[in-house]
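Inspection log for the structure reproduced underneath, given as structure tokens.
Just so it is clear, none of the values below were taken in a lab; they were calculated from the coordinates. In this text the structure is predicted, and so the values were computed from the model without any measurement. FYI the Cβ positions are ideal-geometry reconstructions off the backbone, even for glycines, and counts take in every protein chain you see.
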Amino acid sequence: MKYVKYILFTFLLFFNTIKIFAAPSGMVLYGESDGLKYRIYDTVNGLGDEQAVPGITTAVNFIRADACPTRSEIIVLALGNNGTLYCSTWTSVGGWAETPRIIRTGGSTTNRWFDVVYTKNGEAIIVYSDGTTALKYTIWNGYFWEAVRDVGNLHNNGKEPWWVTLAASKSSRNEVIMVYQNKDDRWAFASVWISSGPTRGFVSDYNTIIKSGSVADSDSREGVTVAFETNSDEGVVFYNNNGLRAKVWDGSSWSSEITASGASSPNHISPKPSLYNNNILLTYNVQGSGNTKFILWNGDNNTFGSEVALNPNGGSAGYYQIDADWELLSGHENHYLIVSWVQSGGSYLQSGLLAKRWNGSSYVETYPVSGTSGISYNSVYLRTLTRIVGTASASIQVLANTGATLNFWDFDVYTHQFGSKQELTTGLSRTTNPHQSFFAIAFKNYTPPDTTPPSAINDLVATAVSTNTISLSWTATGDDGMSGMIQNGEYKLRYSTFSTINWDTATGWDDPQNRYEIVWTTTVAPYDPQGLVISNLKENTTYYFRIWIKDDAGNWSLGSNIASAKTLKTIDTTPPSAITDLSVTVVDIGEVRLAWTATGDDGTTGDIVGGQYRIRFSSYTTSDPNFWTTGSWSDPQNKYEIVISTDVSQGAQQGYNIKNLRGGVTYYFVIWIRDDENNWSNISNIAEVLLPIVAPAPITDLTAEGFFIGIKESEIRLNWTSVGENNLVGQATRYIIKVSSVSNIENDTDFDNALDLTQLINITIPTPKPSGSKEILIVSGLTPGVTYYFAIKAENSSGLRGSWSRINVNQQNFAVAFDEIPPDVSNLQAIASNKEVTLSWEYPNIPKDFSFFRIYCDSTSAILWDDSFVVAETTKTMLVISDLENNVLYTFKVTVVDQPPLVLESNGVVVSTTPYFAKPQPVRNFTATALSTTSILFSWENVSLNITKFKIYSATGGIIVEQELD
């Protein structure tokens, strides 16, 4: 089959600061049989006439391009059907370069083995395959092309890299991620390019295998792509692994695989990052069926949303038949448009383009898009060529092909309507990879609409000025957060007499004295001091205020802090009348109730709001007229003061309970009342009452513990809850603790007959704490291993004691005194001699229940002790063991054994040695004296032990004397 034209297009988004052409805001490029063509797009005239890119006159199969974020410049890569990769640059000042740069010749024409991307600082990186297993790259720095370098250290499994895709970071980092899949087995890989630091280039440590297995269902299809999130600056690789998957690059390492639960296996994934948050739109064709699907990536928590089907009736898995883009209109930051070709079937009566718009809460469907009814569209691409907020020209562009015709639509994001279909060319011929017929890039130079509101005012202060006026003050914030002057903005102030209110409700702010809203215009710089006076308010009333500020783009700040102030009140100098009917009654052990009649705000008239009572009571009184108004009133048992806030009506009956008083004591009470202006009444009458004497309550939770953290030899820990001076009220005077090692202490009789703990050991009994407190006493000096039984009573200041019983209580009042395994001896030594071993050791700290040392001996195994035997038991620290065999290894173990009732033995200390017979040393001072012609006297000094015989030799005749010792 012979094709008349080869055509492929892309369109580019850029922003011109120097306008040579007629205010262009976009460009569409496409390849035909005689070269690369383009059309200028502007918001007034739409697409212009077709023009040729100079120097590229061969048919074009693949196109990749990107726009510079710092200069009015684009770079285009075009692969001709002759295998030559061309690079051409366009600027708003000079247009196209006259001669394109040749990147490579003789390349494959059936796949895309190259890509280009600009970094955020304006450097362009071109990566391409050299036809082997290697990838090369070169950098355009804005002035010249740098030398070609090798990417290096590729994880390509020894195969040629295909389908190269690049993405650049958008925010703080200046990084590029490259993904590619190799030929034949279609594994997916990723590399990271770093702009600064010790290594400027692709860092081998960051290369990674995305999937060690096929990500696409043929070499002509792409199964991996990459995009950067806008705010977090994290790169995300999306790919197929029996379903949609992702891996995240955080600037230092790759995440593990993240699964899109329930999602299909995708071909030709198209990612579209939002410019306002970390979300990414993903569209793709399903492998096998060709169904078109959509899903949303949430970059804030690195999760996928739910997959949405667009074409349920099947399509071509080899084409880009779906795409999406964001509206990015002020107030519509999360709105987006999806366009997909739909096969006829079910509710779709004929094939055509289906559009779904997400309006923030639901999908709105348009079907079919104008001019698409009954037509099969091979590829669909969406890209915004311009977004001029505030004009009717804000739109999203849709491009799609059917057969040899390339079509173009504008989607108006204000009216949500598609414009008429426009034909760009009728001579479009698909390449050998038809899903590459359309390709779109991000709009790098686009300045999004102002959606950043001023920061909330957080220092609003309200100050009462008079009985009906409050002054407000605050500090202005900025147009965007705390920066930028606000031109033609607005303040909105709301105030209310209610502390709890819905500040955001739209209605009900029309009562100037209770609930009101004031709005006024402002032009203000950040941090300027601001103020406003509110008049005609109610006297002695608390008002609550909140303020908002809006910039010229209509962005309202969040509400400020809530400030409040109370308008002043006419000065009140009249105190309430004194209370004259104060009475007191005993209502429980240690508890009384006061009763009285409230007087008024002014004498005996008017209700009291925001007032107080002051009650004082004492265990004694004097004739001093200043007794109740002077001195310290901070002792709860003798002289104490209680202050109570109150809102009370005149003549209301009042009462108050006071607890924890002592029995057998007469208490005296008086009371005062004041109004909200701090006018105190005179003192009331004196009420008095005698509280009866009551013994302390019995203790019912005594527990003895024979083991606890930190326990020492011969200890037991006692725990109980304190009772009071009067039953459970107040604080008892002392404790009496009894103990027995014979039998338990069951009742008061047993208690009286039992031994006092202080008689058994030297111990200090603690002073009781206030009733309800936890008490702990560690009892030391007991006999280890012996069971001890305890009982306890509390005694008050009157000498009354509580009772003692074990009927259903105090069941854990006994324990065994802790007996610790004796510590081992130290510095064990063994001195061997002839058939003897002398053992010695040290034991400086002898336990209270020490009994003796036990010595074991084993001549066969120092580890198993399988035939060991006890050679001695002694209380001394040295032992001589005799009758041993020389030249035999003996192992000895010394343990410590304590006394009954629990006989415990230490682990023991081991030492080994071998008895031996030492060769005698030469004698000293050997002399021979002739006594006669036939006798000689020999004498010498022996220095050796265990000698049994001496032999005297002659130099000529051998042994002449042999003497045995007794």
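Filter the cross-link list LYS569/LYS639; LYS712/LYS876; LYS492/LYS569; LYS170/LYS211 down to pairs whose alpha-carbon distance in this structure exceeds 32 Å.
Over 32 Å Cα-Cα: LYS569/LYS639.
Could you list, bin by bin from short to long, the percent of Cα-Cα pairs of region 456-513 in 10 Å steps?
15, 41, 34, 9
Just to be sure I understand: of the beta bridges DSSP finds with both ends in the chain, what percent are antiparallel, rounded to 5?
Of the beta bridges lying entirely in the chain, close to 95 percent run antiparallel.
Divide the volume of the convex hull of the Cα atoms of region 703-816 by its number of residues and quote the answer in cubic angstrom per residue.
Given the Cα convex hull of region 703-816, per-residue volume reads 104 Å³.
Output ³J(HN,Hα) for region 741-749: one whole-Hz value per residue in order, computed from phi by the Karplus curve 6.51 cos²θ - 1.76 cosθ + 1.60 with θ = phi - 60°, and x for Gly and Pro.
Those phi angles translate into 10, 9, 8, 6, 9, 8, 8, 4, 5 Hz.
Could you work out the per residue convex hull volume over the alpha carbons of region 461-566, in cubic angstrom?
90
Mind checking Rg over Rh on region 290-372, alpha carbons, Kirkwood formula for Rh?
In region 290-372, Rg relative to Rh is 0.99.
For ASN536 and THR105, FRET efficiency with R0 = 56 Å and r from the beta-carbon atoms, rounded to 0.05?
E(calc), rounded to 0.05, equals 0.05.
Taking amide H positions as placed in the peptide plane 1.01 Å from N, state which residues far from LEU702 in sequence (5 or more) or on other chains have amide H under 5 Å from it.
The answer is ASN810.
For the cross-link pairs LYS247/LYS272; LYS37/LYS293; LYS919/LYS951; LYS120/LYS272, which exceed 22 Å when the distance is taken from alpha carbon to alpha carbon?
Violating the 22 Å Cα-Cα cut-off are LYS37/LYS293.
Round to the nearest 0.05 the FRET efficiency obtained for SER935 and SER882 when R0 = 41 Å and r is the Cβ-Cβ distance.
After rounding to 0.05, the efficiency reads 0.50.
Report the label-to-label distance for VAL93 and THR585 in nanometres (one decimal), using points 7 Å from each Cα along the Cα→Cβ vector.
10.0
Evaluate the relative contact order of region 461-566 (contact order divided by residue number), counting alpha-carbon pairs under 8 angstrom at least 6 apart; express in whole percent.
Dividing the mean separation by the residue count of region 461-566 yields 38 percent.
Stretch SER645-ASN626 to full length: gain in nm at 0.36 nm per residue minus the Cα-Cα span?
4.4 nm
Can you run phi through the Karplus equation (6.51, -1.76, 1.60; θ = phi - 60°) for region 460-472 and list ³J(HN,Hα) in whole Hz, with x for Gly and Pro?
Coupling constants for region 460-472: 5, 10, 10, 10, 6, 9, 8, 5, 9, 9, 10, 9, 10 Hz.
Along its three principal axes, how long is region 585-712 when you only count alpha carbons? Whole Å, largest extent first please.
Projected onto the principal axes, the Cα atoms of region 585-712 cover 70, 34, 28 Å.
Quick one: 3J(HN,Hα) in Hz for region 646-651, Karplus 6.51/-1.76/1.60 with θ = phi - 60°, rounded, Gly and Pro as x.
7, 10, 9, 8, 4, x
Suppose a student asked you for the relative contact order of region 826-913, using Cα pairs under 8 Å spaced at least 6 residues apart; what percent would you report?
Dividing the mean separation by the residue count of region 826-913 yields 34 percent.
How compact and how long is the chain, expressed as Rg and Dmax of its alpha-carbon atoms in Å?
When restricted to Cα atoms, the chain yields Rg and Dmax of 50.2, 157 Å.
Sequence-distant or interchain residues sharing an amide H contact under 5 Å with GLY481, placed H: which?
For GLY481, whose amide H was placed from the backbone, the distant partners under 5 Å are SER455.
How many percent of the alpha carbon pairs in region 924-964 exceed a separation of 15 Å?
52
Between SER840 and HIS416, what is the label-to-label distance in nm when each label sits 7 Å out along the Cα-to-Cβ direction?
10.4
Modelling each spin label as a point 7 Å along the Cα-to-Cβ direction, I'd like the LEU755/ASN359 distance in nm, to one decimal.
Each label point is offset 7 Å from its Cα along the Cβ direction, giving 9.3 nm.
Taking 1 over the mean of 1/r across every pair of different Cα atoms in region 537-654, what Kirkwood radius in Å do you get?
Radius from the Kirkwood sum: 18.8 Å.
Would you please put 596-607, 250-261 in order of how densely packed they are, using the mean number of other Cβ atoms within 10 angstrom per residue and starting with the highest?
The peptides rank, most packed first, as 596-607, 250-261.
May I ask you to derive the relative contact order of the chain, considering only C-alpha pairs under 8 Å and at least 6 residues apart, and to give it as an integer percent?
5
Under 5 Å between amide H atoms, partner at least 5 residues away or on a different chain: which partners does ARG515 have, H built in plane at 1.01 Å?
When sequence neighbours closer than 5 places are left aside, there are no close amide H contacts.
Restricting to Cα atoms and excluding each atom paired with itself, what does the Kirkwood estimate give for region 883-943 in Å?
Evaluated on region 883-943, it is 17.2 Å.
Rounded to the nearest 0.05, what FRET efficiency do SER471 and THR721 give with R0 = 56 Å and r taken as the Cβ-Cβ distance? Could you check?
Here the calculated transfer efficiency is 0.45.
What fraction of the Cα pairs in region 114-179, stated in percent, has a spacing above 20 angstrom?
Summing the P(r) of region 114-179 above 20 Å gives 29 percent of all pairs.
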